[in-house]
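Laboratory data are not the source of any read-out in this text; all were calculated from the coordinates shown. Small disclaimer: the values here were computed from a predicted structure and weren't measured. Cβ sites come from the backbone with ideal geometry, for glycine too, and all protein chains shown count toward neighbours.
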Amino acid sequence: MTISPQQASQALLDIERTQRRAYVLRGYEAGAPHFLLWGAIWFAGYGLTEAFPARAGEVWIALTLGGSLGGFLLGRAAAARGLVAKDGWRYLAAVGSTLAFMLLTYAILRPGDSAQLGAFPALLVSFLYVLAGIWNGARWIVVGLLVAALTMAGYELLQEHFNLWMALVGGGTLVCTGLWFRRV
């Protein structure tokens, strides 16, 4: 049996589409545990910041270090399952770079209140999700835009209880995203 050049070309396009779809789905599967982890961290971090604002710095340092280690370990597990490349150092470098950027930005802009302090990392993460989505699938973009919209809504409408808003809505969005990404 011989195939025409058009059939061969179509078969190659189908293979390419299938490979791209598999890549996107593996990315969702690998990302799901990270969303669940960071959703829980947002629940705890923003919730404890609402309850104990004077201890917010200590809370976020501990949660960020724990979350970074947890994310690194989740990445290693995903690499062992063949979902992602074995480059955990890149995860730690990305987290470290992001934290350094946030701290340097805080040093320059000097936020005046707790809502400003809490909104900036959420908006930065939203931006990073949108960027990830440009290469890794539309769900990342949806989540980035949703977190940004919810952050701005809370900042504009509920500034007095912004941290509680972010604990419930921000953390809840990340947890729901983790569950959504698991359904590939």
> Which whole-number percentage describes the relative contact order of segment 5-182, with Cα contacts under 8 Å and a sequence gap of 6 or more?
Replying inline: 37
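Which order do 162, 43, 72 fall in if you start with the one that has the fewest other Cβ atoms within 10 Å? Before the final figure, lay out the partial values.
Working: 162 26, 43 18, 72 15.
The most exposed by this proxy come first: 72, 43, 162.
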>> Quick check: from the Cα gyration tensor, does segment 126-169 come out rounded (a/c under 1.5), prolate or oblate?
In response: prolate
>> What does the C-alpha gyration tensor say about the overall shape of segment 1-51? Classify as rounded when a/c is under 1.5, otherwise prolate if a/b is larger than b/c, or oblate.
In response: prolate
> To the nearest 10 degrees, how steep is helix 88-109 against the longest Cα principal axis of the chain, on a 0 to 90 scale?
Replying inline: 40
> If you add up the charges near residue 114, with Lys and Arg at +1 and Asp and Glu at -1, over every other residue whose beta carbon is less than 14 angstrom from its beta carbon, what do you get?
Replying inline: -1
> What is the distance in Å between the Cα centres of segment 139-176 and segment 1-67?
Replying inline: 18
> Which net charge results when you count Lys and Arg as +1 and Asp and Glu as -1 among the other residues whose beta-carbon is under 15 Å from that of residue 86?
Replying inline: +3
>> Within a 10 angstrom radius of the beta carbon, how do 64, 2 rank from fewest other beta carbons to most?
In response: 2, 64
> Which of the trypsin sites (Lys or Arg not before Pro) across segment 7-114 are loop residues per DSSP, with 14 or fewer other Cβ within 10 Å?
Replying inline: 81, 86
> Taking the Cα atoms only, what angle lies between the long axis of helix 171-182 and the longest principal axis of the chain, rounded to 10 degrees?
Replying inline: 10
>> Using only the alpha-carbon atoms, how far is helix 5-51 inclined from the longest principal axis of the chain? Give it as 0 to 90 degrees, nearest 10.
In response: 10
> When each pair of different Cα atoms in segment 5-182 is counted once in the 1/r mean, what is the Kirkwood radius in angstroms, to one decimal?
Replying inline: 17.4
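So how do 161, 34 line up by other beta-carbon neighbours within 10 Å, fewest first?
Values: 161 14, 34 20.
In order of increasing Cβ crowding within 10 Å: 161, 34.
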